[in-house]
Amino acid sequence: MRSFQEGLLAVRKESGWGFYNKNGQMVIPAEFADVGNFDGGFATVKRNGKWGYYDAQGKVAVPVEFEEVSGPKENLALVKSGGKWGYYQVGDQMVISPKYKAAGLFSEGLAPVKNEGKWGYIDKTGKVIIPFHFEDAYSFSEGVAVVKVNGKYGFIDRSGVLVIKEQFADVNSSFQEGVATVKNGNKFGYIDRKGNVIASGYDQVFPFKNGIAEVRVEKTSFSLFAAVGYGSGTMSIGGPEFNNALLPQNTKRGYIDQTGKEVVPTKYDFSSVFHEGLAAVNVHDKWGFVDTNGKIVIPFRFDEIGFPANNSFLEEKLGFFCGFAKVKMQGKWGVIDTTGKFVVPAEINSSSDLMGGSFGLLAVKKNGKWGYMDTNGKMAITPQFSDVGIFWNQALLDNEKSYYIQS
């Protein structure tokens, strides 16, 4: 069993995987060997080695008959059949038959496709809009797309004209919030829509989100402890938004704004992305929280920072979620609010016995059973369940309340 997503819960029975709604009704029959999570109203399903899509109403969106599927985006799913890629219109039919060795999703009405070793762009009827003369090509974003010409990357507009000349060794991401990440030599930086460099000289960079982006630099110091920990697999840092990489301690992290100014200096050993205006940061083996101006809001006094739930859905949200964060102090786990005040005392032995949540209810495991504690540290729902999920504020997610309790 997984957590609810978009109002539906994936459940595995003896007959296979299916989906229930919040009323306990089976919406998609439990007959699949594997399923994905709902995203944008659709979920992948697998049967007899083939993939397809179902929608949230339990209807087949893309028949379960393809070797691979991706999307859907702009009402078109990318599907693979006979080793070639084509496009299937959701709930209807194949609109562009599989004939491309490689292809990308539609974005802004165009999709990159590869033909006879070169990339070009087609529209939703399959008509070639931008001819096949690129060595590599990516989906459009904010009116431009990354392409590779003569071994270098640049950006084209919808007519295929290079609006930012090919000059970059690599492009980490296309434009987001008016900024793109690029690489020249061994260093990464950011450019604006005119190709002007707004920041450079970083060893790792990440896309902008809400006007701020994480950057990393490699310092010259080296920690034997970190090297031993890395080699033995004992060193622990955050989740997938950290690129799932165990980094040596000479990697320092900070954040820049869209002018290129370092609003959080590159001095922290580890950090999370910003959630609810705060990022978890680590220095000298202690964790605290900073705001988007770099101000230390919650001092460095915690041994570890945890994730809000014990499942993959929220695994990237290290730090605050719905106003609360799991922290470890003096060998015990508790929950703090955004002021740093403990709302669940640091008295829980294991991070896996404590989950975050909203609506003033936080999941806690005691004596082998789960219950819910309020923000005064008192049990609001007596521990009695073998497994639980978290309450969350869907105003922050999907504008719906979703949760599950399995007794």
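Evaluate the following for Ser402: is it at pLDDT below 65, crowded, with 17+ Cβ neighbours inside 10 Å and within 15 Å of Val335 (Cα to Cα)? So Ser402 fails the test.
Tallying residues that are hydroxyl-bearing (Ser, Thr, Tyr) and either farther than 14 Å from Thr251 by Cα or within 17 Å of the chain's Cα centre (by Cα) (or both) within region 192-224 yields 1. Which residues, counting only those in region 22-51, are of a type outside the set (A, V, I, L, M, F, W, C), outside any loop (DSSP other than H, G, I, E, B) and surrounded by fewer than 16 Cβ atoms within 10 Å (Cβ to Cβ)? Within region 22-51, Pro29, Glu31, Asp34, Asp39 qualify.
Restricting region 115-140 to residues that are β-branched (Val, Ile, Thr) and under 22 Å from Met94 (Cβ atoms) leaves a set whose member that is surrounded by the fewest Cβ atoms within 10 Å (Cβ to Cβ) is Thr125. Within region 212-228, restricting attention to residues that are exposed (fewer than 13 other Cβ atoms within 10 Å of the Cβ) and part of a loop (DSSP other than H, G, I, E, B), the residue that is modelled with the lowest pLDDT is Phe222. Within region 99-143, the set of residues being assigned to a loop (DSSP other than H, G, I, E, B) and hydrophobic (A, V, I, L, M, F, W, C) comprises Leu105, Phe106, Phe140. Region 52-93 holds strands (runs of 3 or more DSSP E) entirely within its bounds, and those carrying 1 or more residues that are of a type in the set (Asp, Glu) map to 60-66, 68-73.
Contact map, region 73-93: residues that are in contact (Cβ under 8 Å) with a residue 24 or more places away in the chain and at negative phi paired with residues that are among the aromatic types (Phe, Trp, Tyr) and assigned to a loop (DSSP other than H, G, I, E, B), Cβ distance under 8 Å, separation 6+ or inter-chain. Pairs shown: Lys73/Phe106; Leu76/Phe106; Tyr87/Phe106.
Could you list, in sequence order, all residues of region 67-89 that are surrounded by 19 or more Cβ atoms within 10 Å (Cβ to Cβ) and of a type outside the set (Ser, Thr, Tyr)? I'd like the intermediate steps shown before the answer.
Of the residues in region 67-89, the ones surrounded by 19 or more Cβ atoms within 10 Å (Cβ to Cβ) are 69, 71-72, 76-79, 85-88.
Scanning region 67-89 gives Val69, Gly71, Pro72, Leu76, Ala77, Leu78, Val79, Trp85, Gly86.
Condition check: modelled with pLDDT of 95 or more and on the phi > 0 side of the Ramachandran plot. Does Gly109 satisfy that? Steps first, answer last, please.
On the way: modelled with pLDDT of 95 or more: yes; on the phi > 0 side of the Ramachandran plot: yes.
Yes; evaluated as a whole, the condition is true for this residue.
Out of all the residues in region 164-181, is one or more more than 29 Å from Pro265 (Cα to Cα) and of a type in the set (A, V, I, L, M)? Yes.
Looking at Gly254, Gly306, Gly288, which is the one that is modelled with pLDDT under 85, crowded, with 17+ Cβ neighbours inside 10 Å, in contact with a strand residue (DSSP E or B) (Cβ under 6 Å, 6 or more places away or on another chain) and not acidic (Asp, Glu)?
Gly306 is the lone residue from the list that is modelled with pLDDT under 85, crowded, with 17+ Cβ neighbours inside 10 Å, in contact with a strand residue (DSSP E or B) (Cβ under 6 Å, 6 or more places away or on another chain) and not acidic (Asp, Glu).
Of all the criteria given as (1) out of contact with any Pro (no Cβ under 9 Å at 6 or more places or on another chain); (2) over 26 Å from Phe208 (Cα atoms); (3) crowded, with 22+ Cβ neighbours inside 10 Å, the one not satisfied by Pro112 is (2). Once region 141-161 is narrowed to residues that are aliphatic (A, V, I, L, M) and surrounded by 14 or more Cβ atoms within 10 Å (Cβ to Cβ), the residue that is farthest from Gly109 (Cα to Cα) is Val149. Of all the listed residues (Phe42, Phe38, Phe32, Phe19), the sole one being within 23 Å of Lys73 (Cβ to Cβ), in contact with a Pro (Cβ under 7 Å, 6 or more places away or on another chain) and of a type outside the set (Ser, Thr, Tyr) is Phe42.
Can you say whether Gly189 is under 26 Å from the mean Cα position of the chain (by Cα), surrounded by fewer than 15 Cβ atoms within 10 Å (Cβ to Cβ) and either part of a strand (DSSP E or B) or modelled with pLDDT of 95 or more (or both), as far as the supplied structure shows? Step through it out loud before you land on a result.
Details: under 26 Å from the mean Cα position of the chain (by Cα): yes; surrounded by fewer than 15 Cβ atoms within 10 Å (Cβ to Cβ): no; either part of a strand (DSSP E or B) or modelled with pLDDT of 95 or more (or both): yes.
Answer is no for this residue.
Within region 257-284, if we keep just the residues that are more than 15 Å from Val215 (Cβ to Cβ) and not in a strand (DSSP E or B), the residue that is modelled with the lowest pLDDT turns out to be Glu276.
The values are calculated or read from the model by the stated rules, or taken from the named source; none is laboratory data. Nothing here was measured: the structure is a model prediction, and the numbers come from that model. Backbone-built Cβ (ideal geometry, glycine too); neighbour counts: all protein chains shown.
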